[in-house]
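To start, the structure itself, in structure tokens.
Each value in this text was obtained by applying a stated rule to the coordinates, not by laboratory testing. Keep in mind it's a predicted model, so treat the numbers as computed, not measured. Cβ: placed from backbone, ideal geometry, glycine included. Neighbour counts: every protein chain shown.
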Amino acid sequence: MVSPSTNCRERISERISSCKEWLAVAAAILTFNAVVVVSDSRDGSKNRIERAIGGHSFGRGAWPWLVLLKATIVTNRLFGIFPTRHYHLYCGGALISDRWVITAAHCFSDNGQAAARPWNWKAKLATVRLRPTMAQRFLDIIGRVLNQDDLRQWEVNVDRIVTHPNYNRTSLLNDDIALLRLAEAVPNGRRFSLIQMIPLPNQTEVDFPQVGQVCTTKGWGCTTVGGQPSSQAHQIDLPVYSDSHCLHYYNLDSMQKRLCAGFRNRGVGVCRGDSGSPLVCQKGNQYTLAGIVSFTSKNNPESFPAVFTRVQDYIPWINTVMETYN
């Protein structure tokens, strides 16, 4: 004999299963429509594919360690409580563990006190868009209900920001490196291919990367000089530049803990919004993190190589921070 409570649980279970089936169908239809819309927009104009300053766009999952960092800074509140005005800050980053993101220190130190508060920042993973579409927002709801990671929009709170203690803006961004701890661990590896960690370089390999080696940086930087961040992530292939030329272009005293990559007068370069974005180089059969975007020419970023923080020189500091705050 089935008790009333058991009967009730069975009915609830049936309704949940039915709901999940309906949502799965809706997700499939919506995903198909979203793909059609994207395909149509790409066919409409070649200029929509060409991205920033010499770069080009790519699909979700192509660079699974890429992270979009977004801060929402409230500037006015009604009755001191309800936000009425705000602005956004954007930087790039790279996932180096299931809870840590590496980026540039100047993202948090040069934009006022509010930018240094971790609760103002969110990390977005497994995405190429600056802002999700309505279809993606709906799929995110379905993904959470059905526990489907690939449908979700992975936007995670930040609960700690650790900038390098020797960071110095007045010395052309010495030690321009920071680590962000995510409020929750994110899936990565074999279980979820859209989110992966980027391997860190070996501290003892002094010849990585080699001058002339073509590496890749990617982010949401502007597509024209003085423009706004790009609505979609783009990538740029840049050769590693010699230290001597970089010293000359930027009147630097030393290239210690830095590296240069890019071109001179080729219409290719990083731009505003790319700060903190990763520079990765091929090493064996995999990509390895070589640098993070620090600075470039203010007025002619497309005409000069960019300066990156050399990650290799900070391995002990990175390990210490993650062990201390894990």
(request) Give segment 291-316 a look and list any residue that's closer than 21 Å to Y90 by Cα and among the small types (G, A, S), or say none. (result) G291, S294, S297, A306
(request) Quick one: which residue in N188, N202, N168 is in contact with a strand residue (DSSP E or B) (Cβ under 8 Å, 6 or more places away or on another chain) and loosely packed, with under 15 Cβ neighbours inside 10 Å? (result) N168
(request) Only residues that are in contact with a Leu (Cβ under 9 Å, 6 or more places away or on another chain) and part of a loop (DSSP other than H, G, I, E, B): list them for segment 167-186, please. (result) Y167, L172, V186
(request) Considering (1) within 27 Å of C271 (Cα to Cα); (2) under 21 Å from the mean Cα position of the chain (by Cα); (3) not basic (K, R), say which one P165 fails and leave the rest. (result) (2)
(message) Quick test for you: out of G291, G284, G262, pick the one residue that is buried (at least 16 other Cβ atoms within 10 Å of the Cβ) and over 18 Å from A178 (Cβ atoms).
(response) G262
(request) Determine whether V128 is surrounded by 19 or more Cβ atoms within 10 Å (Cβ to Cβ), under 20 Å from the mean Cα position of the chain (by Cα) and within 17 Å of G61 (Cβ to Cβ). (result) yes
(message) Looking at segment 77-98 only, could you name the residues that are aliphatic (A, V, I, L, M) and not in a strand (DSSP E or B)?
(response) I81, I96
